[in-house]
1. How big is segment 298-356 by Rg and Dmax over its Cα atoms, in Å?
2. First select every other residue whose beta carbon is under 15 angstrom from the beta carbon of GLN131; then total the charges, Lys and Arg +1, Asp and Glu -1.
3. Quick one: net charge of PHE308's neighbours, Cβ under 12 Å, K/R +1, D/E -1?
4. Residues with beta-carbon under 12 Å from that of LYS348, excluding LYS348: net charge, scoring Lys, Arg +1 and Asp, Glu -1?
5. For LYS183, go through the lysines and keep the ones whose alpha-carbon is under 21 Å away, minus same-chain ones fewer than eight residues off.
6. Would you mind checking the tilt of helix 3-30 against the longest principal axis of the Cα atoms of the chain, expressed as 0 to 90 degrees and rounded to 10?
7. Which percent, to the nearest 5, of DSSP beta bridges fully inside the chain are antiparallel?
8. Does segment 384-522 come out rounded, prolate or oblate, given a ≥ b ≥ c as the square roots of the eigenvalues of its C-alpha gyration tensor, rounded meaning a/c under 1.5 and, failing that, prolate meaning a/b above b/c?
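Nothing in this text is a laboratory measurement; each read-out follows from the coordinates by a stated rule. Predicted model, so just to flag it, every value in this text is computed and none were measured. We place every Cβ from the backbone using ideal geometry, glycine too, and count neighbours over all the protein chains shown.
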Amino acid sequence: MGIRTNILLRVYIAFGLILLFAGAVVFQLYRVQFVQGKKWRAMSQTLSTKYENVEASRGNILSVDGSLLATSVPEYDVHMDMMAGGIADDKIFYGKVDSLALKLSQLYPDKSATEFSRMLRDARKDSSRYQLIRRKVTYQELEKIKKFPLFSTGRLGGSLIAIAENKRILPFRTLAARTIGYKNENVKNAVGLEGAFADYINGENGKRLMQRIAGGIYMPVNNGEEEIPAKDGADIISTIDVNYQDVAQDALKKELIKSQADHGCVVLMEVATGEIRAIANFSRNKNGDYEEKLNYAISAANDPGSTFKLASYMTLFDQHKIDTNTVVDAEGGRYNIYNKEKILKTVKDVEENHLMTAKKAFEESSNVAVVKYVYSHYKDNPREFTDNLQNVLHLNEKLVLQIPGEAQPVVKSPANRSWNKILTLPQMAYGYEMQLTPLQILTLYNSVANNGKMIAPIFVREIQRLGNTVEHFQARVINPKVCSDATLGKMKALLEGVVNEGTGKNVIKNSLYSVAGKTGTAQIANGAKGYAENKTYQASFCGYFPADCGGG
């Protein structure tokens with residue numbers, strides 16, 4: 001074979017291979033385009049588009065009279081598609097861009113018309129499809145912007161893209177703010193009604209199709225419209241009355257300022273229904289002002305002090321240990337508790353009391369009297385006393401409130417490891433060696449005003465969606481009858497006596513309506529160090545009005 005023939009053969013082989021490779025390429029292109037086209041087009045779509053959650057508008061929280069306590073209002077991020085069909089013609093865009101810039105500067109004076117014009121022109125040169133114009137635009141502002149030049153929707157489509165986000169606002173600002181609560185993705189524990197009823201309030205998120213454009217930015221495919229509409233949350237009808245709440249907060253703050261207290265709370269509960277009409281909690285901040293930080297009414301469990309004497313006297317009366325006329329020697333307001341010859345505890349009264357009836361002792365809040373009554377009748381069988389507190393008055397049980405954060409009450413019995421055979425019973429008689437929240441004490445007092453029926457407080461009356469009731473709530477009955485009618489009559493008379501003749505005479509008595517209740521002062525323990533090193537005291541009053549009709 002000659003050299004020429006050898007070269008030609010090699011050329012033909014190379015040319016054949018090239019043709020073969022070209023044929024393979026054409027075949028593969030055909031296969032990708034027509035055989036696997038649907039598959040690859042779908043994959044392409046998934047790589048360049050995605051669905052984004054659209055947050056649902058959260059439901060409202062309303063007061064018992066329908067006033068808005070919390071609501072969601074839309075805020076918008078306004079963008080502009082510089083290549084939209086309606087402004088594709090340079091003549092249209094540049095003929096109106098300065099007019100648009102002027103309108104924007106008039107609405108938002110923090111930026112001049114020149115600055116807006118420069119921003120818009122630069123975005124046009126860059127062919128921006130999703131130019132940010134303004135964040136946090138209100139609904140009212142958006143309605144004005146829609147009418148601006150270049151933004152109105154024309155035959156070929158407008159350039160305005162508005163992305164809505166919901167902003168939670170409290171129309172009454174600080175009114176019942178802690179009870180209303182808030183939603184915070186970074187806080188695991190629910191806060192207030194917002195947290196406790198989040199499943200109802202949150203609604204169901206929608207979906208919006210987004211497409212990736214230059215720079216890795218995603219913009220809505222359908223001008224911000226949702227492919228799957230969001231379902232708005234349900235409304236919560238609370239038991240709060242804005243008028244009572246306003247008065248309660250104002251009164252509490254005035255008293256805290258007057259006494260320069262560290263913190264305080266006030267709760268107003270409707271007797272028959274258990275509905276909380278007002279609840280306020282204030283703490284003093286580093287500037288000396290008062291603000292809501294913690295819901296002390298449901299979370300602060302401390303020794304209740306003398307307000308607990310209601311439970312002690314109720315137990316004594318109902319078990320026929322004493323009567324209102326039973327006389328006790330208060331020993332000048334000093335009573336020593338001994339272990340053999342050693343004084344373990346000296347119980348003290350503010351006044352130098354001597355012989356007094358149970359009625360007088362309750363009205364004057366004698367610690368010595370109630371200790372001697374309880375200790376003398378129950379020292380050999382303390383369970384008879386503690387069983388009534390736990391099994392009849394249910395003071396050792398949570399109220400199972402509709403909002404989170406309730407502290408676990410502690411009411412001891414001889415079964416407790418910390419029970420002291422000599423000291424615990426007399427200490428309990430006047431409200432020590434236990435932990436109860438203000439709302440738990442209020443529930444006890446409410447049972448007296450409610451003719452013996454003990455009910456758990458409620459904060460939400462109803463859940464509604466589009467005006468229709470989803471769920472209705474009523475107070476849970478803890479005990480239909482906490483004591484006999486005879487005991488109830490005695491306790492009501494004693495509670496009225498406290499205000500009319502006793503320690504509440506100069507504190508709460510007034511000429512407008514009758515009040516029944518009990519004052520209390522308790523020294524707060526300092527953890528493991530006990531009471532000796534801590535001189536912090538808690539003053540309280542718990543009662544009901546009008547007293548002459550069993551409470552309101």
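1. Using the Cα atoms of segment 298-356, the pair Rg, Dmax is 14.6, 42 Å.
2. Neighbourhood net charge equals +3.
3. 0
4. Net local charge, LYS348 excluded: -2.
5. LYS136, LYS167, LYS231, LYS293
6. 40
7. The antiparallel proportion sits near 95 percent.
8. oblate
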